[in-house]
Amino acid sequence: MGARPVTVRLARWSAEHPWRAIGLWVVFVAVCFVGGTAAGLNEATDADQAIGESGRAGLIADAGDFHEPAVENILITARSGTLDPAAARAAADDAASRLRGVTGVAGVGQPVPARDGSALLLPITMSGDPETASDRVQPLHDATAGVQDAHPLVRVEQVGGPSIGKALDDTLGKDFKRAELLSLPVTLAILIVAFGALIAAGVPVLLALSSVAAAMGLSTLASHLVPATDVTASVILLIGMAVGVDYSLFYVRREREERAKGRSGLDAVEIAAETSGHAVVVSGVAVIISMAGLLLANDAVFSSLAVGSILVVAVAVTGSLTVLPALLAKLGRWVDRPRVPLLWRLTAPRTGRHGRPAAPRLWPALLRPALRAPVATLVIAVGLLLALAAPALGMKLKFPGMEDLPRSTPAMQAYDRLTAAFPSNGTSHLVAVRAPAAEAARVRAALTDLAGRAGGDPLFAPVEADGPKIRVSDDGTVSVLDVATPYASRDDRAVDSLHRLRNELAPAELRGIPGVEYAVGGGVAASEDYAQHVWEKLPLVMGFVLALTFLVMTLTFRSVVVAVSSIALNLLSAGASYGLLVLVFQGGWADDLLGFTSMGAIVSWLPLFLFVVLFGLSMDYHVFVVSRIREGIRAGMSNREAVAHGITSSAGVVSSAAVVMVGVFSIFATLSTIDMKQLGIGLAAAILLDATIIRAVVLPALMTMLGDANWWAPRFLRGRPAATPNDPPEPERELATVR
C-alpha cells in the first residue's frame, strides 16, 4: 500500500493528538500576532507609490521640502439672494479676532472676495504637523460656530483639507465599524442556517478569525520587505474571512456526510482530509497564484495586497489541514450540538438505502436541462453571460474625485460652495520643475507666462488678482505652480486641460531651459496615469495567472481539458461581473437604488484587483465540484452520472459558501464611498453568478457535452487512477432523479 497523501497524514496526527494540535495552533497565532505588533508596521512612502508622470511630479515637489502648513478657510456666503458686503466683512473681522486666540492657529490672512461678489474667504494657517491637522481642527470649528451664532444673517462655514479629512474619517470610521459589526453576525447566521447547529456554525468562523489574526501579524513582519499600505489590513480581513469560512465549510460538511454513512470519527476525518482537504490545498494554491500575479503590477499598493492575501490564504489552508481535524475529532458528534430544531431537520445529512446519503430534490431538477440538452443549454447560458459581459468593452477607469465623496457632511457642502465661488480652490494641476539654481529666475518667468496663457484658456480657471502662486525651494532648484481648472476632476474637460498643459503649454515654456526637469501632476493626472498603468499591467497579470493556473489544474486533475475549461469558465464569470459593474456604476441606472451618484467610470484599481480575487475565489468552488465529479468517475459511474453526482453532492456546501461571501461582500455596497460600493457589488455579483449560472448550468452542460473527452491528457500526464475513499454512490438512483 502506497504512502497516504500528506493531507491525510496531517489530519490523522491532529485527530489522534487533538490537544497538541490545538495548542500548537494557538501558540502559532499568538506568536505571529505578538511578533508582528512588536516589529511594527513599515508603511509605503510616496516614492514607493509614485506612478507615471504624476508620480514624478510629486517626487520633484517633495524634493523642494516646502514644509507647507495645513490651511483652513472661513467661507462667508449669503443664506439667500446676494451677499451683503458689510455683513460679510463684519463676520470676517469677528472670525479673524476669535481665531487668532485659538490654540493651533499660526496665522490669519486677509479676507479675499470672490470675483462675482458671492462670497468672502478668510484663510487660516494651522501650526504643527500637517499630517495630524485633522485631529486638531475641532477648536477651530468651535470658534467658527460661535461666529455663525453671532452673525445669523450670513452663512459662516469652515472648509479645508483638515476639515474634510476629519469629516471623512468620521464617516468612513462609522461605515467600517458598521461593516465589521455586521459581517460577523451575518456570517454566523448564514452558517447556522447551513448547518442547523451552533457549534458546527462556529467552527468555520473560529478558524477564519484566527487565520486573520495570524496573517495580520505576519503581514506586519513582511512589511519590512514589502511596504504595507493603509488598505492591506482590510483586504486581509475580507479575503481571510472568505477563504477561512469556505475551506472549513468544505471540510466540516464532508466530515458530517461521512459520519452520516456510519463511519467512525477518525475515518470520517481521514476521508474529509483526502477529499475536501485535497480540494482545499489545490484551491488555496490557485488563490495564492492569482494574488501573486499582483506582484507583477510593479505597484506598492498591489504588492502589499498580494503579500497580505497570500499570507492569509496560506494560514487558512494550514489551519484547515491541522487544527480543524483536531477540533472535529475532539468534538465528535458534539459538533452537531446544540441543534436548531427546524433548521437541523432541513440541513442534517440524510441517508437513503444502505446508509448512503439520500439524493437532494431541488438540484436534480435544476440540472435536468443541462443533462438532457447540454449543447442548447450551453449555447443559451454562454450567450447570456457574454451579453452581460459586453458592456465591459466600454469600461472607463478613473480615480474618484472630491465630487464623489459623500455630501452628507457640512464640510463637503461647504466645499461645493467654496469651489463655486473660488474655482482656483477646486481641481488643479501641479507643474513641478527642477533646474539648476542659476536658472531660478528663468524658471519663475516661464511659470508666470505659463500661468498667464492658461488663465486665458477656457479649459483653465482665471489667474487670481494677486497673480500666480509660485513656490520656490530654499536652494532655488525646485519650483512648483498650481494651475486650476473650473471643472470637476473626472470631467472630460479637466482631462483635456491636463493634456493641453502636458503637451502644449508646459513644453512651450519650459523645454528650452538648460538642465530642466519637469512633470505635470495633480489629482487628474494621477487618475489618468494610474488608469494607463492598470491597462498596461492587466494583460501581464492575466497571462501569469492563467498560465500557472493551467499548470496547477492540469497536474491536479491529470486533464488538459479540465484545466482549459476551468480557465474558460472563470474568465466568463469575471467578464460577466465586469459587464454588470459597468452597467450599474458607469451607466448609472442603479444610482437611486444603491444611494450613489454615477462617476461615469470604474475606480482605476478595481479591474485588476477584482480579476485576481474573483479568479482565485472562483477556483474554490470549481476545484471542489470537479473533485466530486472525478470521484464519481473513479467509482465507475458514467460521465453523465458523475456530473449529476458531483453537482448534487456539492450543491449544499457550494451554495452555503457562496451565500456567506455574497452576504459579507454586499455589506460593502452599503458604505458611503463609491470605491467600496463598486468593490462590494463587483465581488458579490461575481460570486453569485459563479455559484449559480456557472456551476449549475454552464459547467454541467459543458462536461456532459464533452463526455469522456473531459479527462483527456497527453500520455506523460496520465496517472494510474486512485481508488475513491468513499463507497460508490448509487448511480441508478442519482441518474433517475435527473431524467
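The values are calculated or read from the model by the stated rules, or taken from the named source; none is laboratory data. Owing to the predicted nature of the structure, the values given are computational and were not obtained by experimental measurement. Glycine gets a Cβ as well: all are built from the backbone with ideal geometry, and neighbour counts include every protein chain shown. Surface areas here come from the heavy atoms of the whole protein model, side chains and all, with no ligands, DNA or RNA. Shrake-Rupley method; radii C 1.70, N 1.55, O 1.52, S 1.80 Å.
Of all residues in the stretch 78-92, how many are open to solvent by 10 Å² or more (accessible area, probe 1.4 Å) and touching a residue at least 12 places away in the same chain (Cβ under 8 Å)? It would help to see each step written out before you state the result.
Start the filter on the stretch 78-92 by keeping residues that are open to solvent by 10 Å² or more (accessible area, probe 1.4 Å), which leaves 78-87, 89-90.
Add one more test, that the residue is touching a residue at least 12 places away in the same chain (Cβ under 8 Å), and what stays is 78-79, 82-85, 87, 89-90.
Residues meeting the conditions: 9.
Taking the condition of being of a type in the set (Gly, Ala, Ser), open to solvent by 20 Å² or more (accessible area, probe 1.4 Å) and part of a helix (DSSP H, G or I), how many residues in the stretch 6-53 meet it?
Counting residues in the stretch 6-53 that are of a type in the set (Gly, Ala, Ser), open to solvent by 20 Å² or more (accessible area, probe 1.4 Å) and part of a helix (DSSP H, G or I) gives 6.
Among the residues of the stretch 478-493, write down those that are in a loop (DSSP other than H, G, I, E, B) and either modelled with pLDDT of 90 or more or charged (D, E, K, R) (or both).
Step one: of the stretch 478-493, the residues in a loop (DSSP other than H, G, I, E, B) are 485-491.
Across the stretch 478-493, the qualifying residues are Arg490, Asp491.
Of the conditions (1) closer than 14 Å to Thr448 by Cα; (2) assigned to a loop (DSSP other than H, G, I, E, B), Ala506 clears all except one; give me its number.
(2)
Do we find a residue being surrounded by 16 or more Cβ atoms within 10 Å (Cβ to Cβ) and within 26 Å of Gln49 (Cα to Cα) anywhere in the stretch 545-566? Steps first, please.
Taking the stretch 545-566 and keeping what is surrounded by 16 or more Cβ atoms within 10 Å (Cβ to Cβ), we get 545-546, 548-549, 552-554, 556-563, 565-566.
Subset that is within 26 Å of Gln49 (Cα to Cα): 545.
Within the stretch 545-566, one or more residues are surrounded by 16 or more Cβ atoms within 10 Å (Cβ to Cβ) and within 26 Å of Gln49 (Cα to Cα).
For the stretch 143-177, which positions are in contact (Cβ under 8 Å) with a residue 12 or more places away in the chain, open to solvent by 50 Å² or more (accessible area, probe 1.4 Å), assigned to a helix (DSSP H, G or I) and farther than 18 Å from Asp230 by Cβ?
Hit for the stretch 143-177 is Ala150, nothing else.
Do you know which of the residues in the stretch 416-459 that are assigned to a strand (DSSP E or B) and either under 24 Å from Pro111 (Cα atoms) or basic (Lys, Arg) (or both) is modelled with the highest pLDDT?
Filtering the stretch 416-459 down to residues assigned to a strand (DSSP E or B) leaves 428-434.
Imposing the further condition that a residue be either under 24 Å from Pro111 (Cα atoms) or basic (Lys, Arg) (or both) reduces the set to 428, 434.
Numbers: Ser428: 87, Arg434: 94.
Of everything passing the filter in the stretch 416-459, Arg434 is modelled with the highest pLDDT.
Is there any pair linking a residue in the stretch 47-64 that is farther than 17 Å from Gly523 by Cβ to one that is open to solvent by less than 30 Å² (accessible area, probe 1.4 Å) and part of a loop (DSSP other than H, G, I, E, B), with Cβ under 9 Å and at least six apart or on different chains, and which?
Asp48/Thr229; Ala63/Ser473; Gly64/Ser473
Given the conditions (1) within 24 Å of Leu610 (Cβ to Cβ); (2) without any contact (Cβ under 8 Å) to a residue 40 or more places away in the chain; (3) not aliphatic (A, V, I, L, M), report the number of the one that Thr187 does not fulfil.
Against the list (1) within 24 Å of Leu610 (Cβ to Cβ); (2) without any contact (Cβ under 8 Å) to a residue 40 or more places away in the chain; (3) not aliphatic (A, V, I, L, M), Thr187 comes up short only on (2).
Any idea which of Val660, Val698 is among the aliphatic types (A, V, I, L, M), open to solvent by less than 40 Å² (accessible area, probe 1.4 Å) and closer than 30 Å to Asp175 by Cα? Before the answer, list the steps.
Values: Val698 fails: closer than 30 Å to Asp175 by Cα.
Matching residue, one of Val660, Val698: Val660.
Restricting to the stretch 640-657, give me the number of residues that are within 17 Å of Ala242 (Cα to Cα) and open to solvent by less than 10 Å² (accessible area, probe 1.4 Å).
Residues that pass the stated criteria total 3.
Please work out if Ala701 is assigned to a helix (DSSP H, G or I) and under 25 Å from Ala292 (Cβ atoms).
no
Condition test on Arg4, is it touching a strand residue (DSSP E or B) at 6+ places or on another chain (Cβ under 6 Å) and charged (D, E, K, R)?
Values: touching a strand residue (DSSP E or B) at 6+ places or on another chain (Cβ under 6 Å): no; charged (D, E, K, R): yes.
When the stated conditions are applied, Arg4 does not pass them.
Taking into account only those residues within the stretch 191-237 that are outside any helix (DSSP H, G or I), at pLDDT below 85 and open to solvent by 10 Å² or more (accessible area, probe 1.4 Å), which is farthest from Ala44 (Cα to Cα)?
Filtering the stretch 191-237 for residues outside any helix (DSSP H, G or I) gives 196-197, 223-231.
Restricting the remaining residues to those that are at pLDDT below 85 gives 196-197, 229-231.
This time we only want the ones that are open to solvent by 10 Å² or more (accessible area, probe 1.4 Å), so: 229-231.
Working: Thr229: 6, Asp230: 9, Val231: 11 Å.
Among residues in the stretch 191-237 that are outside any helix (DSSP H, G or I), at pLDDT below 85 and open to solvent by 10 Å² or more (accessible area, probe 1.4 Å), the one farthest from Ala44 (Cα to Cα) is Val231.
For the stretch 507-527, check the following and say yes or no: at least one residue is open to solvent by 10 Å² or more (accessible area, probe 1.4 Å), acidic (Asp, Glu) and free of Cβ contacts under 8 Å to residues at least 24 places away in the same chain.
Checked the stretch 507-527: no residue is open to solvent by 10 Å² or more (accessible area, probe 1.4 Å), acidic (Asp, Glu) and free of Cβ contacts under 8 Å to residues at least 24 places away in the same chain.
Here are some residues: Ala292, Ala300, Ala306. Which one is at pLDDT 90 or above, on the phi < 0 side of the Ramachandran plot, surrounded by fewer than 24 Cβ atoms within 10 Å (Cβ to Cβ) and within 19 Å of the chain's Cα centre (by Cα)?
Checking each option against the conditions leaves just Ala292.
So which residues in the stretch 490-518 are among the acidic types (Asp, Glu) and touching a Lys or Arg at 6+ places or on another chain (Cβ under 7 Å)? Let's see the steps before the verdict.
So the first thing to find is which residues in the stretch 490-518 are among the acidic types (Asp, Glu), and the list is 491-492, 496, 504, 509, 517.
Glu517, the sole residue that qualifies.
Go over the candidates Asn73, Asn42 one by one and state the one that is more than 30 Å from Ala314 (Cβ to Cβ) and in contact (Cβ under 8 Å) with a residue 24 or more places away in the chain. Don't jump to the end; show me each part of the working.
Numbers: Asn42 fails: more than 30 Å from Ala314 (Cβ to Cβ).
Just a single option satisfies the conditions, and that option is Asn73.
For Asp496, state whether it is open to solvent by 40 Å² or more (accessible area, probe 1.4 Å) and either over 25 Å from Leu405 (Cα atoms) or assigned to a strand (DSSP E or B) (or both).
no
For the stretch 665-695, enumerate the residues that are assigned to a loop (DSSP other than H, G, I, E, B) and open to solvent by 30 Å² or more (accessible area, probe 1.4 Å). It would help to see each step written out before you state the result.
Restricting attention to the stretch 665-695, the residues satisfying the condition of being assigned to a loop (DSSP other than H, G, I, E, B) are 669-673.
The answer is Thr670, Ser672.
Which one is nearest to the chain's Cα centre (by Cα), of the residues in the stretch 62-106 that are among the basic types (Lys, Arg) and part of a loop (DSSP other than H, G, I, E, B)?
Checking each candidate, the answer is Arg79.
Is there a residue in the stretch 178-190 that is more than 24 Å from Phe250 (Cβ to Cβ) and crowded, with 18+ Cβ neighbours inside 10 Å?
To start, the set of residues in the stretch 178-190 that are more than 24 Å from Phe250 (Cβ to Cβ) comprises 178-182.
Imposing the further condition that a residue be crowded, with 18+ Cβ neighbours inside 10 Å reduces the set to 179.
Yes.
How many of the residues in the stretch 469-493 are open to solvent by 50 Å² or more (accessible area, probe 1.4 Å) and either in contact with an Asp or Glu (Cβ under 8 Å, 6 or more places away or on another chain) or under 25 Å from Ala440 (Cα atoms) (or both)?
Matching residues across the stretch 469-493 total 7.
Take Arg407 and tell me if it is modelled with pLDDT under 90 and crowded, with 16+ Cβ neighbours inside 10 Å. Steps first, please.
Values: modelled with pLDDT under 90: yes; crowded, with 16+ Cβ neighbours inside 10 Å: no.
So Arg407 fails the test.
Quick check on Asp116: is it outside any strand (DSSP E or B), in contact (Cβ under 8 Å) with a residue 40 or more places away in the chain and loosely packed, with under 14 Cβ neighbours inside 10 Å? I'd like the intermediate steps shown before the answer.
Values: outside any strand (DSSP E or B): yes; in contact (Cβ under 8 Å) with a residue 40 or more places away in the chain: yes; loosely packed, with under 14 Cβ neighbours inside 10 Å: yes.
Spelling it out, Asp116 is indeed outside any strand (DSSP E or B), in contact (Cβ under 8 Å) with a residue 40 or more places away in the chain and loosely packed, with under 14 Cβ neighbours inside 10 Å.
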